Amino acid sequence: MILKKTFPLILLLLLFNCGKDTVTKSEDYSTYLTEAVDKSALIADTEIWTSKLNANPNQYPYLIKRASGYTAIFDATGDIDFLIKAENDLKHAIEVTKGKTTSYLRSLASNYISQHRFKEALGLLQQAEKNGDKLKGTEKMLFDVHLELGNYLVAKSYLNSFKNTSDFDYLIRLAKWEDHNGNLDQAIIQMEKAKAIAEASNVKSLKQWSYTNLGDFYGHAGEIEKSYNHYLKALELDPTDAYAKKGIAWIAFSYENHPKIALKILEQISTYYKAPDYLLLKAEIADYIQNEGLKNEAITNYQKMVGNKKYGDMYNAYNVLLYSENMMLPEHALEIAKIEVENRPTPQSYDLLAWCYFKKGDVEKANSIIENHVDGHSSEPTVLYHIAEIYKAAGKTDLVSDLKNELVASIYELGPNMTSKINQL
């Protein structure tokens, strides 16, 4: 959570470095580190629908069932192949039904959102909206996509269109909206309301969503014990929840200064969950403990994974930072950043573009982009750090001081590798 800019910097540093309690306890989560996804059972489910399709090729609802199975495998394992298989089945079903089945359009839009193909998802949802049925569900997804694309006024209008303070779907989107606007306290309040509905209904998927999101929100707010407890709640429901385990690994690394514990957790996750960004976290921890071999191995494995064309533009933001910083290839990073701005013209995308120009030495261009598209439009700590560095290079030292105070209060989110960089601002 961002503290008041008038809060003395020295006191902030003392607060961050002193008096920390150990929050994580191995006995809380160690049993979950023996749990892995049984992919064979999930695959067996899809094979049933494949058999049915082979016997009845014209039964296109079987395509939807199989796509759902493929999506479940992707969610559980991070294996991109299954997300693409789901896409292909959904496209086939939509082709057969000539785009008249709204639920199929929304399912493919959801698939495209997972792939960060937001403009294509928007096109599908607009078609679903024209169909005229099941509008509330479509409007909720239209809010999601417009928010991702930076169309904030349109997103807010959709949020208002399905306002219902007793509806889980509305509350989680209201929480997302408040977080986008930098109102973290309100975001937590709304997510807590959503959690209460999820627990009252006892729907596992809704509870899981609530717990992991609250784990994130409480971490951003500096309430680390609450963050940890919510990740544990998620693991109680699903002992293979890779995201919750990653959250605990981050607490061990960034808050408790236990990088080896964090690496142990990440190693266990990697036995069944394959997502490129987990390798970058591993590289970040390796950099902190000055294990150059482990860092290079993690980065090399990351590059191999994202070299798979099936990932498309999903990891553009990560790639921009990797190539502009670790790989010292600002020209290549700039090419990717331009694609990301085209795909998703948000303040965060423009920040990446400005950062690339800064790394190339074009401070004037970087400063112009920050002033016109970024400053005042995002409270994300990484964005604020980039703004501070660019403003410092542009000689705007009066603005850097305020940003530095905010960044010190966000060191948990940024990670311990950023401490020295922030101190040097």
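Legend: residues Leu206, Leu153, sorted from most to least accessible area (1.4 Å probe; ligands, DNA and RNA excluded), read Leu153, Leu206. Ligands, DNA and RNA excluded, the heavy atoms of Glu413 present near 60 Å² of accessible surface to a 1.4 Å solvent probe.
Taken per residue, the accessible surface of the chain reaches 47 Å², heavy atoms only and a 1.4 Å probe.
Convex hull volume of the C-alpha atoms in the range 198-351, normalised per residue: 142 Å³. For the range 285-345, the spread of Cα coordinates along the three principal axes comes to 37, 23, 16 Å, biggest extent given first.
Relative to the 2.2 N^0.38 Å rule of thumb, the range 313-425 has a C-alpha radius of gyration ratio of 0.99.
Sort out for me the Cα centre separation of the range 190-231 from the range 247-267, rounded to whole Å. First find each Cα centre; the distance between them is then 20 Å.
With kT/(6 pi eta Rh) evaluated at 10 °C and eta = 1.306 mPa s, and Rh the Kirkwood radius from Cα pairs, the chain diffuses with a coefficient of 69 µm²/s according to Stokes-Einstein. Per-residue 3J(HN,Hα) values for the range 389-398, derived from phi via the Karplus relation 6.51 cos²θ - 1.76 cosθ + 1.60 with θ = phi - 60°, read 5, 5, 5, 4, 5, 7, x, 8, 5, 5 Hz in sequence order (x marks Gly and Pro).
Across the range 148-161, coupling constants 3J(HN,Hα) worked out from phi with the 6.51/-1.76/1.60 Karplus curve, θ = phi - 60°, read 5, 8, x, 8, 5, 5, 5, 4, 5, 5, 5, 4, 5, 5 Hz, and Gly and Pro carry x.
Of Asp179, Asp38, the order by accessible heavy-atom surface (1.4 Å probe, DNA, RNA and ligands excluded), from most exposed downward, is Asp38, Asp179. May I ask which of Lys130/Lys195; Lys245/Lys304; Lys39/Lys176; Lys39/Lys309; Lys136/Lys226; Lys134/Lys207 have a Cα-Cα span longer than 27 Å here? Over 27 Å Cα-Cα: Lys130/Lys195; Lys39/Lys176; Lys136/Lys226. For the chain, averaging the sequence separation of C-alpha pairs within contact (under 8 Å, six or more residues apart) and dividing by the residue count gives a relative contact order of 15 percent.
Highest average first, the peptides 64-73, 248-257 ordered by how many other beta carbon atoms sit within 10 Å of their residues are 248-257, 64-73.
Using θ = phi - 60° in the Karplus curve 6.51 cos²θ - 1.76 cosθ + 1.60, the 3J(HN,Hα) couplings for the range 406-421 round to 5, 6, 4, 6, 10, 4, 4, 5, 6, x, x, 5, 8, 4, 5, 5 Hz; x is entered for Gly and Pro.
The values are calculated or read from the model by the stated rules, or taken from the named source; none is laboratory data. On a predicted model such as this, the values are computed, not experimentally measured, just so you know. A quick note on method: Cβ atoms are made from the backbone with ideal geometry, for glycine too, and the neighbour counts reach across all protein chains shown. These accessible areas exclude ligands, DNA and RNA; they are computed on the full protein's heavy atoms, side chains included. Shrake-Rupley method; radii C 1.70, N 1.55, O 1.52, S 1.80 Å.
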